[in-house]
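Colleague: One structure coming up, written as structure tokens, with questions to follow.
The values are calculated or read from the model by the stated rules, or taken from the named source; none is laboratory data. Note that the structure is predicted; figures quoted are calculated from it, not measured. Cβ placement follows ideal geometry from the backbone for every residue including glycine, while neighbour counts extend to all protein chains displayed. Heavy atoms of the whole protein, side chains included, go into the accessibility calculation; ligands, DNA and RNA do not. Shrake-Rupley method; radii C 1.70, N 1.55, O 1.52, S 1.80 Å.
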Amino acid sequence: MCIRSGEWVIISKVKIFFHVKEKVIKSLWFCIILVILCTGILSGAAAYVSILKAYESRAVSLRTADIQSQCTILCDQMNNYNYLEDNSSEVINANLTQLTNIYNGRVMIVNKELTVIKDTYSLDEGKTIVSENVIRCMQGVSTNYYDKNNRYIEVTSPITKNGTEQINGVMLASVSTDTIEDTLQSFYAKGRIVFCIIIVLVLAFSVLVAYRIVLPLRRITERIRSI
């Protein structure tokens with residue numbers, strides 16, 4: 001049985017010490033990079049999603065308000081032309097056609113019996129419509145609804161009798177949100193490119209910071225080793 005000398009034991013302990021020291025430094029370097037990289041990626045992703053959601057909400061809100069305003073104006077004109085009693089007015093029909101062409105949508109005029117007297121698609125005229133939004137509007141509550149999956153906004157506006165608050169009908173407008181969705185898709189594509197660039201910059205920054213932090217420790221280790 002061979003017994004190691006005291007010097008060999010000391011040398012072995014020093015080697016083990018430096019080996020552990022190097023592993024700690026290397027792991028610290030990696031941890032710093034990982035923390036900075038994760039922080040940057042999570043922050044960038046949160047900002048990216050928040051900005052797109054804010055744009056979508058704002059765009060839908062503006063489009064809804066615009067359609068609601070147009071419907072209110074047309075409802076007032078219908079009162080003046082008694083459109084619910086006689087829907088042959090060329091002025092009103094031309095305005096309805098113009099509205100559907102501009103916003104790529106569909107407009108239906110419903111009387112108080114819930115019968116569709118005018119449909120710009122000419123599909124449901126003469127039919128009875130049973131819709132929660134239409135019924136609520138008949139009760140005096142204007143409604144709006146955004147369907148993201150089917151890409152449309154539905155707006156209802158009451159048609160009141162001249163000089164009174166009595167509701168004789170409802171204007172139901174459905175407009176497409178394809179332009180909003182197309183803009184969102186464009187932002188998504190450009191945002192992914194910017195996000196990838198940010199990840200590369202954050203990675204480079206994290207490596208630089210980790211190197212600057214670990215460098216003094218590495219120098220101390222090298223000096224101790226030289227001694």
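Colleague: For V170, are the conditions met, namely being of a type in the set (A, V, I, L, M) and out of contact with any Cys (no Cβ under 6 Å at 6 or more places or on another chain)?
Modeller: Answer is no for this residue.
Colleague: Considering only residues that are loosely packed, with under 15 Cβ neighbours inside 10 Å, closer than 20 Å to Y83 by Cβ and aliphatic (A, V, I, L, M), which ones fall in the range 109-156?
Modeller: L123 - this is the single residue of the range 109-156 that is loosely packed, with under 15 Cβ neighbours inside 10 Å, closer than 20 Å to Y83 by Cβ and aliphatic (A, V, I, L, M).
Colleague: Here's a follow-up. Quick check: anything in the range 50-65 within 18 Å of D147 (Cβ to Cβ), buried (at least 17 other Cβ atoms within 10 Å of the Cβ) and hydroxyl-bearing (S, T, Y)?
Modeller: Among the residues of the range 50-65, at least one is within 18 Å of D147 (Cβ to Cβ), buried (at least 17 other Cβ atoms within 10 Å of the Cβ) and hydroxyl-bearing (S, T, Y), which makes the answer yes.
Colleague: Further question: Kindly check whether there is at least one residue in the range 63-76 that is in a helix (DSSP H, G or I) and more than 24 Å from V141 (Cβ to Cβ).
Modeller: There is no residue in the range 63-76 that is in a helix (DSSP H, G or I) and more than 24 Å from V141 (Cβ to Cβ).
Colleague: Something else about it: So which residues in the range 81-108 are over 32 Å from the mean Cα position of the chain (by Cα) and open to solvent by 90 Å² or more (accessible area, probe 1.4 Å), if there are any at all?
Modeller: Of everything in the range 81-108, those that are over 32 Å from the mean Cα position of the chain (by Cα) and open to solvent by 90 Å² or more (accessible area, probe 1.4 Å) turn out to be Y81, E85, E90.
One line per residue, one yes/no per condition, for (1) of a type in the set (G, A, S); (2) in contact with a helix residue (DSSP H, G or I) (Cβ under 9 Å, 6 or more places away or on another chain):
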site	(1), (2)
E56	no, yes
R63	no, yes
T72	no, no
V91	no, yes
N101	no, no
G105	yes, yes
V116	no, no
D124	no, no
V130	no, no
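Colleague: Still on this structure, please answer the following. When residues of the range 159-190 are filtered for being at pLDDT below 85 and among the small types (G, A, S), how many remain?
Modeller: Total meeting the criteria: 1.
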